[in-house]
Structure formats: C-alpha cells, structure tokens
Amino acid sequence: MTQAEVLADALQGLFSNPEAGWFTPLSTSIQGISAEQLAQVPADRFNSVWALVNHIRFWKEFMFLSLQSQSVDRETLGSKNG
C-alpha cells in the first residue's frame with residue numbers, strides 16, 4: 001500500500017469509523033435526523049447542516065482523489081464554481 005493510499009484510508013476512517021478518531025464521525029452525528037431537519041437554515045447568514053455535510057463531503061472526496069494522484073473535476077464533485 002502506498003503512502004497516499006494509507007493517508008486516503010485514514011481520511012476515510014476519520015469521517016466514518018467511530019473508533020478511528022478523537023471526535024464523533026459525521027455519519028454518526030447525523031444518524032436519525034430527517035432530511036427536512038438537515039435542510040433547515042437556523043438563521044440568516046447561517047448554513048444548514050445539509051450544506052455543511054455537503055461541504056465536508058466535497059473536500060473529503062477532493063483530498064481522497066488528490067492523495068491517489070487522480071485528476072479532480074470540481075464540477076463533477078458538485079462545485080458550482082468549477
């Protein structure tokens with residue numbers, strides 16, 4: 001396994017394995033919350049939980065691909081700015 005693959009696996013575990021890190025993984029944190037609740041914006045100039053999850057997902061996938069020396073198409077990952 002290359003160093004990049006080890007780092008990519010560590011990143012994946014950090015976000016999804018409750019035993020891998022020093023904080024609760026996102027997948028555990030949002031378990032049981034409805035889509036409607038996740039989409040609610042708490043106040044003006046704030047983001048919904050859904051927007052934050054999508055932001056984290058985007059950068060996780062970006063880093064995962066980058067660490068494996070794969071090309072990254074930001075639009076394919078969901079970026080509106082390309």
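The values are calculated or read from the model by the stated rules, or taken from the named source; none is laboratory data. Nothing here was measured: the structure is a model prediction, and the numbers come from that model. Don't worry about glycine lacking a Cβ; one is built from the backbone with ideal geometry, like all the others, and counts go over all protein chains shown.
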Check: Looking at (1) free of Cβ contacts under 8 Å to residues at least 24 places away in the same chain; (2) over 14 Å from the mean Cα position of the chain (by Cα), which is the only condition Glu61 fails?
Finding: (2)
Checklist line | Filter result for the condition that a residue is assigned to a helix (DSSP H, G or I), surrounded by fewer than 12 Cβ atoms within 10 Å (Cβ to Cβ) and in contact with a helix residue (DSSP H, G or I) (Cβ under 9 Å, 6 or more places away or on another chain), over Glu19, Glu5 | finding: Glu5
Notebook entry, point to check: If you go through the range 65-82, how many residues are at pLDDT 80 or above, surrounded by 12 or more Cβ atoms within 10 Å (Cβ to Cβ) and either in contact with a helix residue (DSSP H, G or I) (Cβ under 6 Å, 6 or more places away or on another chain) or assigned to a loop (DSSP other than H, G, I, E, B) (or both)?
Noted result: 1
